[in-house]
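K.L.:
Below you'll find the structure I mean.
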Amino acid sequence: CKAQDAGDARTPRLQSGGAVPSAHEFGVRDETGTASLFAQKRRGLALPGARPRDEGLRDERGKREFRAMDAVDEAMWRRVRSELYGGPDAAPPKELERFEAHCEFKRSVDEDRADGVDLEVSFHLLRAIIKEEHRCQFVAEQFPNLTASATWDVENDPRLAWLNDLAASDHFAKCRDELLAAETRGTLPWQEPYKEGWGQIPLSETWSDTGELMFPEAVKALMAFNKASPNDPPRFSRGTVARQTASSKLRRHSDKQPWSLSTHLPLDGPENGEAYMITFDNKTHPWLPGKPLVFDTTFYHSAANESPTKPVYMLYLDIFHPDLTHDEINAIYVLQRHMSEAAELRATQLNNLKSQLEKSFMSS
């Protein structure tokens, strides 16, 4: 249920500097089987309007641009290793061995893309293979040895007790008022990638001026609770306001990020259990105002609001998995920052390729 581009069930954005590359960019198909533009170009598919006699020119320029994008990726990994391990070719310290496994997974997916692995194979690998615990098979390989549980007990896990404190805070009550007031004005830019009633507005991607202007109390609440103490790492990577509209249902899917748990803090909505999450075992978990819920959404899940008239509104957080160490959380931030920068460079390369192709079509 994460906010993201239309091609991925979740696209984490942890630092300023641009969007983090999604699985869509890595050549993974979305739920409709649509390949990303990047993957199409990587495989040499013709752009709309391409003429057969332009194939040689397109291939030559395309190869040059893709070599440049490969160089961007390799430079990014060298910078990550230099910052975290002490050198571009250094081995990880013991405390970051799980993180290195995560990096190795990402590199292997990237290499498959570069080698032209068929997208249908990638689709089955990353979307359709399910283990007994009803998760995508590649999830456990992506960040090993993290506790896997579809639901987390906020009341009895001391590591999650701060969520109840957030829900009981003065800021939380004010969040509800400012959100409903803004919704009444009808000016909210909901991001709705699924077109199935689920929408979000980011708050903490870069602590944007837009987010602060629309929801100052929500931003204050998140800033007040994002760290246990000044020297501790952040508790969550992303915060949004979210809603599930009346009479709507969100399809079954997996968000595929094992180092992150999805946290829902309902602000307003039906109070009789009409709005709820549905976990892989078909159990329903109602969204009730002021009652935090925590899910591992790598497990398949869906959502519904059966109320004919009342949407459900919530604060939505991607909190770091409680098993992660401080060093691992910091490393994830570093990686995402460098991935954001690399994504911008790759986008520039793609735009250059597009411009060159358009010029060649116009001149032919």
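The values are calculated or read from the model by the stated rules, or taken from the named source; none is laboratory data. These numbers were taken from a predicted model, which means no experiment stands behind them. Cβ placement follows ideal geometry from the backbone for every residue including glycine, while neighbour counts extend to all protein chains displayed. Side chains are part of the model used for accessible areas, which takes the heavy atoms of the whole protein and leaves out ligands, DNA and RNA. Shrake-Rupley method; radii C 1.70, N 1.55, O 1.52, S 1.80 Å.
K.L.:
Which residue out of Lys291, Lys310, Lys256 is touching a helix residue (DSSP H, G or I) at 6+ places or on another chain (Cβ under 8 Å), charged (D, E, K, R) and closer than 23 Å to Lys174 by Cβ?
P.N.:
Only one candidate passes the filter, namely Lys291.
K.L.:
Being surrounded by 15 or more Cβ atoms within 10 Å (Cβ to Cβ) and either closer than 30 Å to Pro216 by Cα or modelled with pLDDT of 85 or more (or both) narrows it down to one residue among Cys136, Cys175; which is it?
P.N.:
Testing whether each residue is surrounded by 15 or more Cβ atoms within 10 Å (Cβ to Cβ) and either closer than 30 Å to Pro216 by Cα or modelled with pLDDT of 85 or more (or both) leaves just Cys175.
K.L.:
In region 267-278, what count of residues is obtained for those that are buried (at least 20 other Cβ atoms within 10 Å of the Cβ) and in a strand (DSSP E or B)?
P.N.:
5
K.L.:
Right, something else. Taking only pairs six or more apart or across chains, which ones have beta-carbon atoms under 6 Å, a first residue in region 174-195 that is closer than 21 Å to Ala303 by Cα, and a second residue that is in a loop (DSSP other than H, G, I, E, B) and open to solvent by less than 60 Å² (accessible area, probe 1.4 Å)?
P.N.:
Once the first residue is closer than 21 Å to Ala303 by Cα and sits in region 174-195, its partners that are in a loop (DSSP other than H, G, I, E, B) and open to solvent by less than 60 Å² (accessible area, probe 1.4 Å) give Gln191/Ala3; Pro193/Gln4.
K.L.:
Does region 279-311 hold any residues that are in contact with a Gly (Cβ under 9 Å, 6 or more places away or on another chain), part of a strand (DSSP E or B) and under 25 Å from Asp165 (Cβ atoms), and which are they?
P.N.:
Scanning region 279-311 gives a single hit, Pro286.
K.L.:
Among the residues of region 279-316, count how many are surrounded by 22 or more Cβ atoms within 10 Å (Cβ to Cβ) and more than 21 Å from the chain's Cα centre (by Cα).
P.N.:
Looking only at that region, the number is 3.
K.L.:
For region 242-266, give me each residue that is open to solvent by 10 Å² or more (accessible area, probe 1.4 Å) and either at negative phi or modelled with pLDDT of 95 or more (or both).
P.N.:
Arg243, Thr245, Ala246, Ser247, Ser248, Lys249, Arg251, Arg252, Gln257
K.L.:
Taking region 147-168, which residues are surrounded by fewer than 16 Cβ atoms within 10 Å (Cβ to Cβ) and modelled with pLDDT of 90 or more?
P.N.:
Within region 147-168, Asp153, Glu155, Asn156, Asp157, Pro158, Arg159, Ala161, Asn164, Asp165, Ala168 meet the criteria.
K.L.:
From the list Ala167, Ala221, which one is within 21 Å of Trp287 (Cβ to Cβ), hydrophobic (A, V, I, L, M, F, W, C) and out of contact with any helix residue (DSSP H, G or I) (no Cβ under 8 Å at 6 or more places or on another chain)?
P.N.:
Ala167
Conditions (1) in contact with a strand residue (DSSP E or B) (Cβ under 9 Å, 6 or more places away or on another chain); (2) crowded, with 16+ Cβ neighbours inside 10 Å; (3) not in a helix (DSSP H, G or I), marked per residue:
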| site | (1), (2), (3) |
| --- | --- |
| Asp323 | no, no, yes |
| Arg337 | no, yes, no |
| Ala342 | no, yes, no |
| Leu345 | no, yes, no |
| Asn352 | no, no, no |
| Glu358 | no, no, no |
| Met362 | no, no, no |
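K.L.:
Output the number of residues of region 325-335 satisfying the condition of being open to solvent by 30 Å² or more (accessible area, probe 1.4 Å) and assigned to a helix (DSSP H, G or I).
P.N.:
Number satisfying all stated conditions: 4.
K.L.:
May I ask you to verify whether Leu250 is part of a helix (DSSP H, G or I) and of a type in the set (A, V, I, L, M, F, W, C)?
P.N.:
no
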